[in-house]
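> I'd like to ask some things about the structure below.
The values are calculated or read from the model by the stated rules, or taken from the named source; none is laboratory data. Owing to the predicted nature of the structure, the values given are computational and were not obtained by experimental measurement. For neighbour counting, all protein chains shown are included, and Cβ atoms are generated from backbone atoms with ideal geometry for every residue, glycine included.
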Amino acid sequence: MSSSLPSGFDGVTVPAGALPAGYEYRVTRYADVILRDAFPDHWRDLIDVLDDFRIDLNADILQPGGSRTQIAVRFDRALSDRGWGKENMDIETHINTQLVAKVRSHEIDMFKLGADATFPGVAIEMEWNNKDPFFDRDLSNFYALHRTGAMAAGVIVTRGPRLQQAITTVAKAHGFATKYGASTTHWGKLMPRVDVGSGGECPLFLIGIEPERVHGL
């Protein structure tokens, strides 16, 4: 169980106990410092939601697949209650006054503008159990929006390494091993992408949900 960030990563050490227990944490480019010091309300929202977040093995994990999982729905709802919401952005490139390119971003699960409702803001994506290329989409989106000045930092929440191992064992025992398989979104699929620089210069705060957050596991 990690309640602190790895010593020396980006030169930043967060004291043990400063973050909710039951998660694996990692930062790039001082994302935690940016959030804590430049976006204190956003930081408090995230910490409070993480602190309150719980998953039930029987009600949440051992249920058949279908539409978006209630795990992600509950997480997003907790942020929505604090003023976060879904967001699409149009990104335009001009040379002098001539429009030379226009693209629309992928929808961000949860986004909140900065002070006085101005850009940049902070984006949060919960990737509980999608196909792992969703990480490529999120990181590419974060890179583009950070580069334009729309985002100061991006947060991704997914299954942590110990939880992935535990769920794999449980899933096999219940006959649906592929539901939480190796090609789905979890810590082991996210970290290699981050290590090779996906997300570009966008500061990232990465959170892996661990078994301590799962009742009945």
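> So, in the range 144-163, of the ones that are of a type outside the set (A, V, I, L, M) and under 20 Å from residue 25 (Cα atoms), which residue ends up farthest from the chain's Cα centre (by Cα)?
Taking the range 144-163 first, the residues of a type outside the set (A, V, I, L, M) are 146-149, 154, 158-162.
Pick out the ones that are also under 20 Å from residue 25 (Cα atoms) and you get 154, 158-162.
Values: 154: 7, 158: 6, 159: 10, 160: 12, 161: 15, 162: 17 Å.
This residue is 162.
> For residue 176, which of the numbered conditions (1) within 14 Å of the chain's Cα centre (by Cα); (2) over 24 Å from residue 40 (Cα atoms) fails to hold?
Of the numbered conditions (1) within 14 Å of the chain's Cα centre (by Cα); (2) over 24 Å from residue 40 (Cα atoms), the odd one out for residue 176 is (1).
> Let me ask something else. Somewhere in the range 189-198, is a residue surrounded by 18 or more Cβ atoms within 10 Å (Cβ to Cβ), within 14 Å of residue 127 (Cα to Cα), touching a residue at least 40 places away in the same chain (Cβ under 8 Å) and touching a Gly at 6+ places or on another chain (Cβ under 6 Å)?
no
> Could you list, in sequence order, the residues of the range 27-40 that are in contact (Cβ under 8 Å) with a residue 60 or more places away in the chain, over 16 Å from the mean Cα position of the chain (by Cα) and surrounded by fewer than 19 Cβ atoms within 10 Å (Cβ to Cβ)?
38
> Looking only at the range 7-16, decide whether some residue is small (Gly, Ala, Ser), touching a Ser or Thr at 6+ places or on another chain (Cβ under 7 Å) and modelled with pLDDT of 90 or more.
Restricting attention to the range 7-16, the residues satisfying the condition of being small (Gly, Ala, Ser) are 7-8, 11, 16.
Next, only the ones that are touching a Ser or Thr at 6+ places or on another chain (Cβ under 7 Å) stay: 7, 16.
Checking the rest, the ones that are also modelled with pLDDT of 90 or more come to none.
No: the range 7-16 contains no residue that is small (Gly, Ala, Ser), touching a Ser or Thr at 6+ places or on another chain (Cβ under 7 Å) and modelled with pLDDT of 90 or more.
> Restricting to the range 34-59, what's the tally of residues that are over 14 Å from residue 157 (Cα atoms), at pLDDT 95 or above and among the aliphatic types (A, V, I, L, M)?
Result for the range 34-59: 3.
> Quick one: is residue 68 modelled with pLDDT under 95, in a loop (DSSP other than H, G, I, E, B) and within 14 Å of residue 110 (Cβ to Cβ)?
Details: modelled with pLDDT under 95: yes; in a loop (DSSP other than H, G, I, E, B): yes; within 14 Å of residue 110 (Cβ to Cβ): yes.
Considered against the rule, which asks whether it is modelled with pLDDT under 95, in a loop (DSSP other than H, G, I, E, B) and within 14 Å of residue 110 (Cβ to Cβ), residue 68 comes out as yes.
> Still on this structure, please answer the following. Would you call residue 158 part of a helix (DSSP H, G or I) and either of a type outside the set (S, T, N, Q) or more than 15 Å from residue 105 (Cβ to Cβ) (or both)? So that I can check it myself, show each step before the final result.
Numbers: part of a helix (DSSP H, G or I): no; either of a type outside the set (S, T, N, Q) or more than 15 Å from residue 105 (Cβ to Cβ) (or both): yes.
No; evaluated as a whole, the condition is false for this residue.
> Go through the range 101-134 and count every residue that is in a strand (DSSP E or B), of a type in the set (D, E, K, R) and under 22 Å from residue 78 (Cβ atoms).
Filtering the range 101-134 down to residues in a strand (DSSP E or B) leaves 101-104, 108-112, 121-127, 131.
Of the ones still in play, those that are also of a type in the set (D, E, K, R) are 102, 104, 109, 112, 125, 127, 131.
Among the residues that remain, those that are also under 22 Å from residue 78 (Cβ atoms) are: 109, 112, 125, 127.
Going through the range 101-134 one residue at a time, the tally reaches 4.
> Starting from residues that are under 20 Å from the mean Cα position of the chain (by Cα) and of a type in the set (Ser, Thr, Tyr), keep the ones in the range 95-143 and report whichever is surrounded by the most Cβ atoms within 10 Å (Cβ to Cβ).
The residue in question is 105.
> Checking residue 195 against (1) of a type in the set (Asp, Glu); (2) over 13 Å from the mean Cα position of the chain (by Cα); (3) within 20 Å of residue 19 (Cβ to Cβ), only one condition comes out false. Which one?
It is condition (3) that residue 195 fails.
> Among (1) touching a His at 6+ places or on another chain (Cβ under 9 Å); (2) within 23 Å of residue 153 (Cβ to Cβ); (3) of a type in the set (Phe, Trp, Tyr), which single condition is residue 180 missing?
(2)
> List every residue pair whose Cβ atoms lie under 7 Å apart, where the two residues are 6 or more positions apart in sequence or sit on different chains, the first residue falls within the range 162-187 and is of a type in the set (D, E, K, R), and the second residue, located anywhere, is in a helix (DSSP H, G or I) and modelled with pLDDT under 85.
Every condition considered, the pairs that remain are 179/171.
> Working only within the range 161-210, note down all residues that are in a helix (DSSP H, G or I), under 17 Å from residue 57 (Cα atoms) and of a type in the set (A, V, I, L, M).
Residues satisfying the conditions are 163, 166, 167, 170, 171, 173, 177.
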